[in-house]
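Colleague: Mind having a look at this structure? Questions to follow.
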Amino acid sequence: MVVLLLATGVTAAVLVLEGGHLDLRGAGWALAGRVTGAVGGAALVAVLPARQLALLVAVVVLAGVAVSLRGFVPVPRRRAVLLAGLMSGLMSGLMGTATSIGGPPMAMVWQRLSGPRLRATMSGFFLAGSVMSLAILAATGAVHTYSLWHTALLAPAAAIGVLLARPLSSRMDMRRTRGVAMVLAVASATVLVIQQFV
């Protein structure tokens with residue numbers, strides 16, 4: 001819960017700083033896919049073994065990375081963005097609403113975007129997703145006072161992180177951004193696999 005609350009604040013801050021570069025239409029289609037995927041993922045968990053589904057998702061993400069490393073870079077058209085959003089929502093639905101494991105599909109489909117546009121669009125997408133997740137958790141009574149207190153204690157560190165990242169962001173050209181996206185995708189898939197056996 002604390003991580004989700006902090007992520008909401010960080011993505012909101014980045015969106016304020018980079019908001020002029022937001023691809024609103026692309027983020028909208030991605031969110032449409034995410035909502036559909038989250039519902040589908042939650043439904044699948046109810047009827048199929050969660051471990052096998054999670055491993056399948058991890059394999060799909062790693063396969064996407066392998067294809068990208070071989071030179072394929074998806075064009076962020078409506079269908080590709082919607083599909084990536086669907087995959088992102090599916091992963092979140094499988095792993096629980098508080099997870100951010102759904103990031104890799106979005107990073108991969110938007111890897112052609114310039115640094116400011118990528119940061120703004122990803123932040124808009126994840127901010128909306130985080131708000132939806134918080135609303136669901138609040139409705140189920142999962143938001144507690146101690147979570148808000150811990151978030152308040154850690155918020156200054158998160159704010160400092162956002163400010164320190166500003167000078168570094170100008171050095172992130174498209175090639176480096178793509179490399180970071182691939183590393184994060186592999187790391188997320190690896191964490192997902194490890195979670196199934198711990």
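What follows is calculated from the coordinates using simple rules that are stated; it is not laboratory data. The shown structure was predicted, so the numbers you read here are calculated from the model rather than taken from an experiment. Counting neighbours? That spans all protein chains shown, and the Cβs are built from the backbone with ideal geometry, glycine included.
Colleague: Would you be so kind as to identify which of 26, 10, 47 lies farthest towards the positive end of the dipole of the chain, taking Lys and Arg as +1 and Asp and Glu as -1 on Cβ and the Cα centre as origin?
Modeller: Towards the positive end, the residue furthest out is 26.
Colleague: Now, a different point. Just to check I understand the Karplus step: with θ = phi - 60° and J = 6.51 cos²θ - 1.76 cosθ + 1.60, what whole-Hz values come out for the range 110-117, glycine and proline as x?
Modeller: So the J values, rounded to whole Hz, are 9, 5, 7, 5, 5, x, x, 5.
Colleague: May I ask you to evaluate 6.51 cos²θ - 1.76 cosθ + 1.60, the Karplus curve with θ = phi - 60°, for each residue of the range 120-125 and list the ³J(HN,Hα) values in order in whole Hz, giving x for glycine and proline?
Modeller: My calculation for the range 120-125 gives 5, 5, 4, 5, x, 4 Hz in order.
Colleague: ³J(HN,Hα) across the range 13-20 via Karplus (A = 6.51, B = -1.76, C = 1.60, θ = phi - 60°), whole Hz, x for Gly/Pro?
Modeller: Each residue's phi maps through the Karplus curve to give 5, 5, 5, 5, 6, 10, x, x Hz.
Colleague: Oh, and also: May I ask you to give the average projected area over all directions of the convex hull of the Cα atoms of the chain, in nm² rounded to one decimal?
Modeller: Taking a quarter of the hull surface, the average projection is 11.2 nm².
Colleague: Rounded to the nearest 0.05, what FRET efficiency do residue 48 and residue 198 give with R0 = 25 Å and r taken as the Cβ-Cβ distance? Could you check?
Modeller: According to the calculation, E is roughly 0.75.
Colleague: Divide by every residue of the chain the summed helix terms, -39500 (n - 2.57) for each DSSP H run of at least 4, and state the resulting mean residue ellipticity at 222 nm, rounded to the nearest 500 deg cm²/dmol.
Modeller: -27500 deg cm²/dmol
Colleague: Also, I was wondering about something else. Roughly speaking, what is the stretch gain from residue 70 to residue 3, that is 0.36 nm per residue apart minus the C-alpha to C-alpha distance, in nm to one decimal?
Modeller: This chain segment gains 20.7 nm when fully extended.
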